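In what follows, a single structure is set out as structure tokens and then discussed.
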Amino acid sequence: MLIKEEEKSKKIPQFRKLTMSTQRLRDEDYRDYSSTDASPEESPSEGLNNFSSSGSYMRFGESNSTTWFQTLIHLLKSNIGTGLLGLPLAVKNAGILMGPLSLLVIGLVAVHCMSILVKCAHRFCYRLNKPFVDYGDTVMYGLEASPVSWLRNHAHWGRHIVDFFLIVTQLGFCCIYFVFLADNFKQVIEMANGTTSNCHNNETVILTPTMDSRLYMLTFLPFMVLLVFVRNLRALSIFSLLANITMAVSLVMIYQFTVQNIPDPSHLPLVASWKTYPLFFGTAIFAFEGIGMVLPLENKMKDPKKFSLILYVGMTIVTALYISLGILGYLQFGANIQGSITLNLPNCWLYQSVKLLYSVGIFFTYALQFYVPAEIIIPFFVARGPEHCELVIDLSVRTVLVCLTCILAILIPRLDLVISLVGSVSSSALALIIPPLLEITTYYSEGMSPITIVKDALISILGFMGFVVGTCLTLYELVQPSSAPIIINSTSAFV
């Protein structure tokens, strides 16, 4: 008996560490920064004080609840990121007519899936008397409500699946940031000798070859490692604000240029080849993958009943921005459009500064996107190591994860293909495949109309087809590229 008691006492600290880490994750991480380019503004220790003792969000009456306008700003901020810059190339892959129409359809379906997730979460909150459930909990409870016994017995895998795709999505963002930073800095440095103050003349520019973009990624690696060593997100709040400001200013300048002197679009195809359409799908769904923050934002509102209206208004603005920049960017640069529209900007100091400003914002956003997968993965290793080595294990795992994202970026150095691959693999699952199936498992036992079942099945099938075809085509393009990556700037002729 004494031996058993001693063994139990030895296991308790590790169990407590794992439980506390898991509780911290559930309480805090599924928040504003659980999706595209969102930025938390309070520290983890402060965040824990805002919750009930049961470890759940309070749905009403929080002292730091957000107004409808603050919620709208957070919604816009979480959806407008690097995916927006790749949409002109996405429109090229679909066609000047098919691209915008497809963006509109994907936007409508994505918003509908967000509303499905909110509705199912409300159902389980009322049914289980819980103040808040996150995405993973909602899927788990949905499987428990399924009429299929096998799904009920394996309901806990619902949370694991959501966590897995969330990790893939967030680390995929980090890979994209490495490629984005390398491409933009490489272009600015190589064009430095020919950069002028005239942003309108089409001049000949002699490139100064520097080094391969992969070497730029390795150059950024130690700085990224040091950045993610800052574990208190409160310390990053000022950098988050700086990132938001620089990216907003850069976006205004990009729009300002794309609306000027638009060439004749008659030579642009209305519908592109079907072979490139899956690449469009991956990029588009990557841009619309903001479903991870829907529930946290709804929960933090002073009046959650207004969230549905805020969701539709905010996503209408987002969809309008996506379609407009996709069309304008493709019209302005035509077949020369690159993986990020910043790479097509003129070779003058004004627009070179835009590239640098956006790159600064992306650099600091890396730590915010990295936070979610780190808080899911790190507790697993910390709980299995000695307590006095907790900090060493924590920093070591962070270093390994950053190196992993850098290695993946080096293996896939084409920005357009990285975006399409991340969108096809993980964003399609979180945004299109899971929510409709969740609605079926949640409400099937209560009675659903056949039309609703068919609708949900079609959406999930659409997402699954995009997942399979988009992933396969992107991987094929990586192995056997149909054409060399575009390296010219449409506003300049390089010798």
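The values are calculated or read from the model by the stated rules, or taken from the named source; none is laboratory data. All values reported here derive from a predicted model rather than from experimental measurement. Methodologically, a virtual Cβ is constructed for each residue, glycine included, from the backbone with ideal geometry; neighbour enumeration extends over all protein chains shown. Side chains are part of the model used for accessible areas, which takes the heavy atoms of the whole protein and leaves out ligands, DNA and RNA. Shrake-Rupley method; radii C 1.70, N 1.55, O 1.52, S 1.80 Å.
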**Request:** Quick one: which residue in PRO413, PRO435 is touching an Asp or Glu at 6+ places or on another chain (Cβ under 9 Å), part of a helix (DSSP H, G or I) and surrounded by 17 or more Cβ atoms within 10 Å (Cβ to Cβ)?
**Result:** PRO435
**Prompt:** So which of VAL133, VAL162, VAL139 is under 19 Å from CYS113 (Cα atoms) and either over 26 Å from the mean Cα position of the chain (by Cα) or in a loop (DSSP other than H, G, I, E, B) (or both)?
**Reply:** VAL133
**Asked** Can you find a residue in segment 145-157 that is touching a Gly at 6+ places or on another chain (Cβ under 9 Å), in a helix (DSSP H, G or I) and buried (at least 24 other Cβ atoms within 10 Å of the Cβ)?
**Response** no
**Request:** Output the number of residues of segment 361-395 satisfying the condition of being open to solvent by 60 Å² or more (accessible area, probe 1.4 Å) and either in a helix (DSSP H, G or I) or of a type in the set (Val, Ile, Thr) (or both).
**Result:** 7
**Prompt:** For segment 237-314, which helices (runs of 4 or more DSSP H) that fit wholly inside it have 1 or more residues that are in contact with a helix residue (DSSP H, G or I) (Cβ under 6 Å, 6 or more places away or on another chain), open to solvent by 20 Å² or more (accessible area, probe 1.4 Å) and under 17 Å from GLY326 (Cα atoms)?
**Reply:** 237-258, 277-287
**Message:** Out of the residues in segment 159-200 meeting the condition of being among the aromatic types (Phe, Trp, Tyr) and open to solvent by less than 30 Å² (accessible area, probe 1.4 Å), tell me which one is modelled with the lowest pLDDT.
**Reply:** PHE173
**Request:** Tell me, yes or no, whether segment 63-77 has at least one residue that is outside any helix (DSSP H, G or I), at pLDDT below 90, open to solvent by 30 Å² or more (accessible area, probe 1.4 Å) and within 26 Å of PHE164 (Cα to Cα).
**Result:** no
**Request:** State yes or no: is ILE453 touching a His at 6+ places or on another chain (Cβ under 8 Å) and among the hydrophobic types (A, V, I, L, M, F, W, C)?
**Result:** no
**Request:** Would you mind finding the one in LEU325, LEU331 that is at pLDDT 85 or above, closer than 22 Å to SER420 by Cβ, open to solvent by 10 Å² or more (accessible area, probe 1.4 Å) and in contact with a helix residue (DSSP H, G or I) (Cβ under 7 Å, 6 or more places away or on another chain)?
**Result:** LEU331
**Asked** Going through segment 454-474 one residue at a time, which ones are over 14 Å from LEU279 (Cβ atoms) and open to solvent by less than 50 Å² (accessible area, probe 1.4 Å)?
**Response** ASP456, ALA457, ILE459, SER460, GLY463
**Message:** Which of the numbered conditions does ASN344 fail, given that it passes all the others? Conditions: (1) modelled with pLDDT under 90; (2) under 20 Å from the mean Cα position of the chain (by Cα); (3) closer than 24 Å to LEU279 by Cβ.
**Reply:** (2)
**Asked** Of the residues VAL402, VAL425, which single one is part of a helix (DSSP H, G or I), open to solvent by 20 Å² or more (accessible area, probe 1.4 Å) and out of contact with any Asp or Glu (no Cβ under 7 Å at 6 or more places or on another chain)?
**Response** VAL425
**Prompt:** If we scan segment 90-99, do we find a residue that is touching a residue at least 40 places away in the same chain (Cβ under 8 Å), part of a helix (DSSP H, G or I), of a type in the set (A, V, I, L, M, F, W, C) and open to solvent by 10 Å² or more (accessible area, probe 1.4 Å)?
**Reply:** yes
